[in-house]
Amino acid sequence: MARTPQTLFDKVWQRHEVIAESAATPAVLYIDLHLVHEVTSPQAFALLRERGLTVRRPERTLATMDHSTPTLTAQVFGGAPIAIDSAARQVRELEANCAAFGVELLGLKHAERGIVHVIGPELGLTQPGKTVVCGDSHTSTHGALGALAFGIGTTEVGHVLATQCLLQRKPRTLAVNVRGGLAAGVTAKDLILASIGRLGVAGGTGHVIEYRGDTIAGLDMDERMTVCNMSIEAGARAGLIAPDETTYAYLKGRPRAPQGAAWERSLEQWRQLPTDAGARFDSEVELDAAAVEPMITYGTNPGMAIPIGGQIPRHPEDPAFGRALAYMGLEPGAPIKDQPVNVVFLGSCTNARLSDLRGAARVLRGRRIAPGLSMLVVPGSQQVKRAAEAEGLDRVFLDAGAEWRESGCSMCLGMNGDTVARGQYSVSTSNRNFEGRQGAGARTLLASPLTAAASAVRGRVTDPRELL
Amino acid sequence: MAALTTLTSRTVVMPAANIDTDQIIPARFLTTTTRAGLGAQLFADWRYDPSGVPRPEFVLNRPEAQGCRILIAGDNFGCGSSREHAPWALLDYGIRAVISTRFADIFASNALKNGLLPVVVPAATNQWLLERPGTELTLDVEAGTLLRPDGVAVSFPLEPFARHCLLAGVDELGFLLGQRSAIDRFERRA
Ligand code: SF4
């Protein structure tokens with residue numbers, strides 16, 4: 001009898017069911033890789049202490065620090081105290097917890113430290129077919145390698161530490177089929193902003209998205225990570241892309257990827273993972289990539305995005321819409337282009353990998369950022385930082401007048417003191433434009449690294465195609 | 001986790017859709033290493049002006065909102081960041097149930113693990129509730145019903161295992177720890 005065709009998600013899910021779900025209880029799902037950071041783990045380690053439990057599989061657990069850590073070199077390497085006391089305490093607590101529970105920590109000065117979602121793939125730890133969790137919603141990033149990866153809360157962090165398992169109801173599946181080539185100056189960030197605009201910020205709720213089609217197959221790994229990263233911004237549990245030769249070429253030789261005979265065995269298993277012909281998704285959406293233009297947000301959620309040459313919509317009947325525009329200080333019907341900008345942030349787990357920095361540097365080379373504007377460049381990891389320095393990108397940013405920092409989440413969420421001042425406009429390559437996300441009263445416009453760099457040069461929202 | 005069987009309270013309403021967890025508890029308060037005391041910072045940037053003075057017009061600062069344990073919200077409540085600090089802050093403030101037409105997945109999961117009840121109701125019911133702040137409602141966890149003062153009962157879905165945990169006041173960890181031999185077997189097979 002022919003096996004029922006399965007989706008990539010179905011296969012990964014099924015292979016990790018310790019106990020299948022029933023009417024009375026959710027599935028017990030096995031977790032292959034648990035990434036831990038300083039902000040969402042202290043209370044989970046406290047739970048283990050309260051219950052007298054240990055970490056079941058320390059070798060499947062890796063901790064790093066990224067959210068509240070400083071990006072100023074003096075505070076990371078120079079021995080200057082971390083400016084925010086409570087952040088310094090959180091860093092010390094993670095160090096103590098990892099030491100006490102035997103969990104490997106890529107600490108503040110470690111050469112492989114970085115944003116948790118940048119380092120997992122970079123180290124070769126994130127692999128096709130694995131289940132990956134982290135106490136962070138952008139864990140969806142790791143789905144770019146064909147891993148089932150999703151964010152969890154702190155109580156669940158405790159569950160995984162203690163049992164290496166989670167109780168989960170099986171989500172539904174949503175195929176986002178993307179066809180056609182991206183035009184010059186249009187990036188994976190623009191594609192995902194356009195997708196979220198289409199799906200809505202809750203359109204993916206209860207679902208795991210699989211991004212499919214020739215456009216997706218043509219993306220490199222950095223671009224795939226940008227796409228999967230923002231799945232949560234459409235409300236989805238996770239985003240997945242089938243592993244292929246691009247994935248394998250990316251992983252091969254990475255320090256924590258399988259080596260030698262184990263690599264060959266893994267490859268054989270990974271090749272079984274892509275969705276079978278004829279497999280059914282609970283729903284499907286079609287997107288024409290060729291029609292996507294550089295996108296930018298104008299409001300206070302990532303679904304409020306328009307092509308950069310477009311006008312801010314009018315919804316006079318919707319008080320929430322009015323409130324969002326009032327917060328942003330923008331007018332319905334107005335163009336977004338040429339909106340003055342105070343700050344540009346190039347960073348975050350969405351867009352701070354090497355190719356993102358290269359793209360921005362392409363725009364900035366030989367140019368200066370606008371007078372009065374400040375630009376912060378925060379590489380996604382220390383490895384990205386060193387690779388960028390090896391090809392001279394740091395000089396491009398510094399010569400243009402931008403700041404070049406140590407890696408971390410930084411101005412993506414403004415926990416470490418890197419914030420945008422009240423009322424100021426920031427063009428940011430991060431993933432959330434929520435009220436106050438980059439600092440109380442900050443006004444965030446989400447865009448690609450190209451658009452961010454072009455806007456930095458002009459001091460106004462700028463279509464990058466004018467400068468390429 | 002304290003058991004929750006029934007809850008009777010007046011409501012406080014926040015009609016905005018897509019209230020994200022950065023609003024519920026802004027990131028700058030996440031450097032804490034405990035769960036306690038976050039209620040003071042709940043909705044901080046809506047509740048207080050930049051100098052820290054309560055904004056009298058914000059719903060939670062009005063006298064009639066004091067003591068309300070049920071929050072009625074617009075669609076897609078709790079979207080964004082996975083921070084469990086969001087339900088911790090709501091609970092610490094005194095909210096025990098949130099009613100909306102939809103919750104973000106991670107928020108709903110985090111809420112249930114802490115005894116905060118996410119109640120999904122049809123759009124018409126939510127609209128009725130949003131238009132009537134201060135209505136006294138009774139939520140019956142066992143029956144899965146919301147009882148309006150006009151006698152109308154609306155049923156709401158609740159994942160059976162989460163219901164069991166809420167009613168018994170137990171958390172999931174005990175259950176998971178009880179699966180040790182199945183997990184051992186799985187690891188040997190893998
Ligand atoms: S960079 Fe931003 S979105 Fe990514 S993990 Fe850090 S805080 Fe979260």
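Bear in mind that the values in this text are calculations on the coordinates, not laboratory data. Owing to the predicted nature of the structure, the values given are computational and were not obtained by experimental measurement. FYI the Cβ positions are ideal-geometry reconstructions off the backbone, even for glycines, and counts take in every protein chain you see.
Structural remarks
- Dipole orientation for the protein assembly as shown: of the candidates A:A454, B:A168, A:A149, A:A149 has the Cα lying most toward the positive pole (charges on Cβ; Lys, Arg +1; Asp, Glu -1).
- Compactness ratio for the stretch A:8-168: Cα radius of gyration over 2.2 N^0.38 Å (N = residue count) comes to 1.06.
- Across the stretch B:159-165, rounded Karplus estimates of 3J(HN,Hα) from the backbone phi angles (6.51 cos²θ - 1.76 cosθ + 1.60, θ = phi - 60°) give 4, x, 6, 5, 4, 4, 5 Hz, Gly and Pro being marked x.
- Multiplying each eigenvalue of the alpha-carbon gyration tensor of the stretch A:258-333 by 5 and taking the square root yields semi-axes of 44, 17, 13 Å, largest first, rounded to whole angstroms.
- Using the rule -39500 (n - 2.57) for each DSSP H run of four or more residues, divided by the residues of chain B, the 222 nm mean residue ellipticity is -8000 deg cm²/dmol.
- Filter on A:K170/A:K337; A:K109/A:K337; A:K11/A:K252; A:K11/A:K109; A:K252/A:K337 - keep pairs with C-alpha separation over 31 Å: A:K170/A:K337; A:K109/A:K337; A:K11/A:K109; A:K252/A:K337
- In chain A, the ratio of gyration radius to Kirkwood radius, Rg to Rh, stands at 0.96 when only Cα atoms are counted.
- P(r) weight above 17 Å for the stretch A:49-112, C-alpha pairs, percent: 45
- Normalised by residue number, the volume inside the convex hull of the Cα atoms of the stretch B:6-189 is 135 Å³ per residue.
- For the stretch B:139-179, the pair-distance distribution built from all alpha carbon pairs, in bins 5 Å wide starting at 0, is 6, 22, 23, 18, 12, 10, 5, 3, 2, 0 percent.
- If the segment from A:H110 to A:E317 were pulled out straight at 0.36 nm per residue, it would be longer than the present Cα-Cα gap by 69.3 nm.
- Value in Å of the Kirkwood radius, where the stretch A:143-267 supplies the Cα pairs that are averaged: 15.9
- Estimated dipole of the stretch A:340-468 in Debye, rounded to 20 [Cβ of Lys and Arg +1, of Asp and Glu -1, Cα centre]: 200
- Shape analysis of the stretch A:295-466 based on the Cα gyration tensor places the equivalent ellipsoid semi-axes at 27, 17, 13 Å, largest first.
- Assigned charges on the beta-carbon of Lys, Arg, Asp, Glu; the stretch A:173-244 dipole about Cα centre (debye): 240
- All aspartates and glutamates inside 16 Å of A:K385 as judged from Cα atoms, apart from same-chain residues fewer than 8 positions distant: A:D66, A:E112, A:E122, A:D222, A:D356, A:D394, A:E403, A:E406
- Using a cutoff of 8 angstrom between alpha carbon atoms and counting only pairs six or more residues apart, the relative contact order for chain B works out to 27 percent.
- Kirkwood Rh, Cα atoms: Rg over Rh of the stretch B:88-130: 1.00
- Each residue, A:E286 and A:E389, gets one label point 7 Å from its Cα in the Cβ direction; the gap between the two is 5.0 nm.
- Volume of the convex hull of the stretch A:195-265 (Cα atoms only), normalised per residue: 103 Å³.
- Test item: Cα-centred dipole of chain A, Lys/Arg +1 and Asp/Glu -1 on Cβ, debye: 300
- A simple spin-label model places pseudo-atoms 7 Å from Cα toward Cβ; at A:E245 and A:A326 they are separated by 5.7 nm.
- Pairwise Cα separations in the stretch A:368-439 fall into 5 Å bins from 0 onward with the following percentages, short to long: 3, 16, 24, 23, 20, 11, 3, 0.
- Selected from B:A27, A:G253, B:L139, residue furthest toward positive end of dipole (the protein assembly as shown; charges at beta carbon): A:G253
- Per-residue packing, averaged as other Cβ atoms within 10 Å, sorts the ranges A:301-307, A:242-248, B:33-39 into the order A:301-307, A:242-248, B:33-39, beginning with the highest.
- Label-to-label distance for B:E187 and A:T73 is 4.4 nm, based on points extended 7 Å past Cα in the beta-carbon direction.
- Listed residues A:L199, A:T275, A:V39: farthest to the positive end of the dipole of the protein assembly as shown (Cβ charges): A:V39
- Cα centroid separation - the stretch B:1-51 against the stretch A:202-243, whole Å: 30
- Note on A:T4/A:R92: beta-carbon distance plugged into 1/(1 + (r/R0)^6) with R0 of 56 Å gives a FRET efficiency of 0.60.
- Rg(Cα) / (2.2 N^0.38 Å) computed for the stretch A:181-222, rounded to two decimals: 1.26
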